[in-house]
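Engineer: Please see the structure below; I have some questions.
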Amino acid sequence: MNNRPGPLAGVKILDLSSVVMGPFATQILASLGAEVTKLESPDGDNMRHVGPMRNPGMGPIFLQANQGKRSIVLDLKQPAARDAALRLAGQSDVLVSNVRPQALARLGLDAASVRALHPRLIHVSCCGFDQRGPYAERPAYDDLIQGATGVPWLSQAYAGGEPAYAPMTLADRVTGLHVVYAVTAALYAREKTGVGQAVVVPMFEAMTQFVLGDHLAGLAFEPPLGEPGYARLLTPHRRPYRTRDGQLCVLIYNDKHWRSFFAAIDAPALAEDPRFATHGARATHIDAVYAEVARIMRMRDTAEWQALLDAADIPNMPMLGPAELLDDPHHAATGFVRRFEHPSEGRLVGTGVPTRWSGTPPAEQGTPAPRLGEHSRAVLHEAGFAESEIAALLESGACHQAHEETHP
């Protein structure tokens, strides 16, 4: 299984993660050529069961986040399964888990226990909170971390009304990207030192950095020089502009953009308005500035605006929904949105690798997301388990193997 192309070809990852954060990270690593073995419970990853779906256990979020992986089912409540997992870890370069650290320790799969046996292993624990703080044992989910790091507060400051979560698994995916660079950096460090290490990737800290990077504002100074919040991002007028017949996303940002905009719409009075004169002045008066642009945008059709703004080299993009995004002409030209056949789920739509590599390009299309336990027997066999050992694991229920047949 080490013949996959890509910059991470030859790297073996044992993936004990589920839901979104960990699987999103390991899917990226798989797309870059790593051999990822997903270790699941007999019930499978929770995301398998979130529909719609053609067949049980193959929901769309699971299908997207688990491409390029193999699935083995081990019931880690059973000692034989835990021993098998430790043997698999010993043949892996990286173990990634988002099991709560305390539960992982009870299973004997925490960093100290596993690395005592396998010192070259890189053990990556994705958790809710830095384990040195008082929140260490608290459960963490995307909604909770969004709330704890101010995302609903920002939505209320932006739009008014009731605070709301961002309508995507924002904290999971932001933290998942931290997992990706943590794994790759730790692999690089091991190349230099010859030994692995334990890495903790906490959601709370990752999202705190993400939010405060924009919104620390006046609180960056002691004593404070003002309130928190980046005003340009929080003005209620920062939204797709309504045109005469639709909506358009426009960002008139730097001084050149503004001069070009006022020239294009023949508005010399606005060009001389001191509120629009400099970046600092516009930041101070951002509500009034954006409100004026919103008023002007209603005067022309969307197509008119696109032609005028493109000619003036002013950044703009259409506002698309998910269905329109799939058919975007840019994605059609680059092949980033892929249509492919899954052996049990039929025709599917997914995305490719967003990065481009000149020397070690990943495969254009990875293997499809696995059925639950689809590769249990093969993974154990490749790890050196004797047929009698595999049979004993399967017979005891410590391991499960998917049926060989596929669904129509």
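The values are calculated or read from the model by the stated rules, or taken from the named source; none is laboratory data. All of these numbers come straight from a predicted model, not from anything done at the bench. Neighbour counts run over all protein chains shown; Cβ positions are idealised from the backbone, glycine included.
Engineer: Determine which single condition LYS38 fails, assuming it passes every other condition in (1) farther than 16 Å from ALA81 by Cβ; (2) of a type outside the set (Gly, Ala, Ser); (3) touching a strand residue (DSSP E or B) at 6+ places or on another chain (Cβ under 7 Å); (4) buried (at least 24 other Cβ atoms within 10 Å of the Cβ).
Structural biologist: With respect to (1) farther than 16 Å from ALA81 by Cβ; (2) of a type outside the set (Gly, Ala, Ser); (3) touching a strand residue (DSSP E or B) at 6+ places or on another chain (Cβ under 7 Å); (4) buried (at least 24 other Cβ atoms within 10 Å of the Cβ), LYS38 is out only on (1).
Engineer: Among the residues of region 354-408 satisfying the criterion of being charged (D, E, K, R) and at pLDDT 95 or above, which is farthest from ALA34 (Cα to Cα)? Spell out how you get there, then give the answer.
Structural biologist: First, the residues of region 354-408 that are charged (D, E, K, R): 356, 364, 371, 374, 377, 382, 387, 389, 395, 404-405.
Keeping just the survivors that are at pLDDT 95 or above gives 371, 374, 377, 382, 387, 389, 395.
Values: ARG371: 19, GLU374: 18, ARG377: 20, GLU382: 16, GLU387: 27, GLU389: 27, GLU395: 31 Å.
Taking the candidates together, the pick is GLU395.
Engineer: Taking ASP266 as meeting all but one of (1) without any contact (Cβ under 8 Å) to a residue 12 or more places away in the chain; (2) in a loop (DSSP other than H, G, I, E, B); (3) surrounded by 15 or more Cβ atoms within 10 Å (Cβ to Cβ), write down the number of the exception.
Structural biologist: Condition not satisfied by ASP266: (3).
Engineer: Would you pick out the residues in region 8-41 that are over 17 Å from SER92 (Cα atoms) and out of contact with any helix residue (DSSP H, G or I) (no Cβ under 8 Å at 6 or more places or on another chain)?
Structural biologist: Within region 8-41, SER31, SER41 meet the criteria.
Engineer: Follow-up. If you take the residues of region 135-170 that are among the hydrophobic types (A, V, I, L, M, F, W, C) and assigned to a loop (DSSP other than H, G, I, E, B), which of them is surrounded by the fewest Cβ atoms within 10 Å (Cβ to Cβ)?
Structural biologist: Of everything passing the filter in region 135-170, MET168 is surrounded by the fewest Cβ atoms within 10 Å (Cβ to Cβ).
Engineer: Being part of a loop (DSSP other than H, G, I, E, B) and either free of Cβ contacts under 8 Å to residues at least 12 places away in the same chain or among the hydroxyl-bearing types (Ser, Thr, Tyr) (or both) is the filter here; which residues of region 360-383 pass it?
Structural biologist: THR360, THR367
Engineer: Another question, then. Being under 29 Å from the mean Cα position of the chain (by Cα) and under 30 Å from GLY246 (Cα atoms), is that true of even one residue in region 379-400?
Structural biologist: Looking through region 379-400, none of the residues is under 29 Å from the mean Cα position of the chain (by Cα) and under 30 Å from GLY246 (Cα atoms).
Engineer: Here is a follow-up. In this structure, does VAL201 turn out to be in contact (Cβ under 8 Å) with a residue 60 or more places away in the chain and in contact with a Ser or Thr (Cβ under 9 Å, 6 or more places away or on another chain)?
Structural biologist: Yes.
Engineer: Going by the structure shown, is THR351 touching a Gly at 6+ places or on another chain (Cβ under 8 Å), under 27 Å from GLY33 (Cα atoms) and surrounded by 13 or more Cβ atoms within 10 Å (Cβ to Cβ)?
Structural biologist: no
Engineer: For the condition surrounded by 15 or more Cβ atoms within 10 Å (Cβ to Cβ), of a type in the set (A, V, I, L, M) and in the same structural domain as GLN67 (by TED's automatic domain parsing), what is the one hit in ALA312, ALA369?
Structural biologist: ALA369
Engineer: What number of residues within region 85-122 are in contact with an Asp or Glu (Cβ under 9 Å, 6 or more places away or on another chain), surrounded by 17 or more Cβ atoms within 10 Å (Cβ to Cβ) and in a helix (DSSP H, G or I)?
Structural biologist: Total meeting the criteria: 2.
Engineer: Give all pairs with beta carbons closer than 8 Å in which a residue from region 47-66 that is on the phi < 0 side of the Ramachandran plot and assigned by TED's automatic domain parsing to the domain that holds ARG371 meets a residue that is surrounded by fewer than 15 Cβ atoms within 10 Å (Cβ to Cβ) and among the small types (Gly, Ala, Ser); count only pairs at least 6 apart in sequence or on separate chains.
Structural biologist: Listed pairs, sorted by first residue: ARG54/GLY346; GLY59/GLY51; PRO60/GLY51.
Engineer: Next question. State yes or no: is ARG132 modelled with pLDDT of 95 or more, part of a loop (DSSP other than H, G, I, E, B) and not acidic (Asp, Glu)?
Structural biologist: Yes; evaluated as a whole, the condition is true for this residue.
Engineer: With respect to the numbered conditions (1) over 30 Å from LEU117 (Cα atoms); (2) hydrophobic (A, V, I, L, M, F, W, C); (3) modelled with pLDDT of 95 or more, which one is the sole condition not fulfilled by ALA159?
Structural biologist: Just one mismatch for ALA159, condition (3).
Engineer: Among GLY335, GLY350, which is touching a residue at least 60 places away in the same chain (Cβ under 8 Å) and in the same structural domain as SER92 (by TED's automatic domain parsing)?
Structural biologist: Only one candidate passes the filter, namely GLY350.
Engineer: Got at least one residue in region 110-133 being among the aromatic types (Phe, Trp, Tyr) and either over 21 Å from the mean Cα position of the chain (by Cα) or not assigned by TED's automatic domain parsing to the domain that holds ALA80 (or both)?
Structural biologist: Narrowing region 110-133 to residues among the aromatic types (Phe, Trp, Tyr): 129.
Next, from what is left, pick out any that are either over 21 Å from the mean Cα position of the chain (by Cα) or not assigned by TED's automatic domain parsing to the domain that holds ALA80 (or both): none.
So far as region 110-133 goes, no, none of its residues is among the aromatic types (Phe, Trp, Tyr) and either over 21 Å from the mean Cα position of the chain (by Cα) or not assigned by TED's automatic domain parsing to the domain that holds ALA80 (or both).
Engineer: If only one of SER376, SER358 is within 28 Å of ILE28 (Cβ to Cβ), assigned by TED's automatic domain parsing to the domain that holds PRO56 and either basic (Lys, Arg) or surrounded by 14 or more Cβ atoms within 10 Å (Cβ to Cβ) (or both), which one is it?
Structural biologist: Details: SER358 fails: either basic (Lys, Arg) or surrounded by 14 or more Cβ atoms within 10 Å (Cβ to Cβ) (or both).
From the options SER376, SER358, the qualifying one is SER376.
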